[in-house]
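Written below as structure tokens is the structure these notes are about.
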Amino acid sequence: MSDENYILLVLGMGIVSFIPRWIPLFYLSRKELPELVIEWLELIPVAILSALLFPALFVNPQTKDFCLISAETIAFIPCFIIAWFTRSLGITLVCGMFFYWAGTKFLNFL
């Protein structure tokens, strides 16, 4: 692939990614949205985060089976509690690394 084709490809992908985001923003920024729509839009980040976290926490990557006992689950529960009360990303990150390490050691011990 030549440099010109590569640049055109990257620009085309950028335009294709930008237009679907820009059109609703452009047209809806001038209008007052109903309260129901605003409440629904506020739930989208939570739904996306849940869809990303659930398989990572509760699905065994080798067998694709549902699994409640894993190092990720062992680390998730105390990290969630720490994040809820401290609201500190740094403390939660350090505790998450510690609990994941402890969970892997615990599971290897079993």
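Considering only residues that are surrounded by fewer than 18 Cβ atoms within 10 Å (Cβ to Cβ) and either on the phi > 0 side of the Ramachandran plot or of a type outside the set (Gly, Ala, Ser) (or both), which ones fall in region 83-100?
Correct list: 84, 85, 86, 87, 89, 91, 93, 94, 97, 98, 100.
Kindly evaluate residue 57 against the criterion of being modelled with pLDDT under 95, among the hydrophobic types (A, V, I, L, M, F, W, C) and either touching a Ser or Thr at 6+ places or on another chain (Cβ under 6 Å) or outside any helix (DSSP H, G or I) (or both). Let's see the steps before the verdict.
On the way: modelled with pLDDT under 95: yes; among the hydrophobic types (A, V, I, L, M, F, W, C): yes; either touching a Ser or Thr at 6+ places or on another chain (Cβ under 6 Å) or outside any helix (DSSP H, G or I) (or both): yes.
Answer is yes for this residue.
Any idea how many residues of region 23-53 are in a helix (DSSP H, G or I), of a type outside the set (A, V, I, L, M) and either modelled with pLDDT under 90 or in contact with a His (Cβ under 7 Å, 6 or more places away or on another chain) (or both)? Outline the logic, then answer.
First pass over region 23-53, keeping only residues in a helix (DSSP H, G or I): 23-28, 35-42, 44-53.
Among the residues that remain, those that are also of a type outside the set (A, V, I, L, M) are: 24, 26-27, 35, 39-40, 42, 45, 50.
Keeping just the survivors that are either modelled with pLDDT under 90 or in contact with a His (Cβ under 7 Å, 6 or more places away or on another chain) (or both) gives 24, 26-27, 50.
Of the residues in region 23-53, 4 are in a helix (DSSP H, G or I), of a type outside the set (A, V, I, L, M) and either modelled with pLDDT under 90 or in contact with a His (Cβ under 7 Å, 6 or more places away or on another chain) (or both).
Could you list, in sequence order, the residues of region 53-82 that are touching a strand residue (DSSP E or B) at 6+ places or on another chain (Cβ under 8 Å), exposed (fewer than 13 other Cβ atoms within 10 Å of the Cβ) and hydrophobic (A, V, I, L, M, F, W, C)?
66
One line per residue, one yes/no per condition, for (1) closer than 18 Å to residue 108 by Cα; (2) over 16 Å from the mean Cα position of the chain (by Cα); (3) touching a residue at least 60 places away in the same chain (Cβ under 8 Å):
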residue	(1), (2), (3)
49	no, no, no
52	no, no, no
62	yes, yes, no
65	no, yes, no
68	yes, yes, no
72	yes, no, no
81	no, yes, no
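The values are calculated or read from the model by the stated rules, or taken from the named source; none is laboratory data. This is a predicted model, so every value here is computed, not measured. For neighbour counting, all protein chains shown are included, and Cβ atoms are generated from backbone atoms with ideal geometry for every residue, glycine included.
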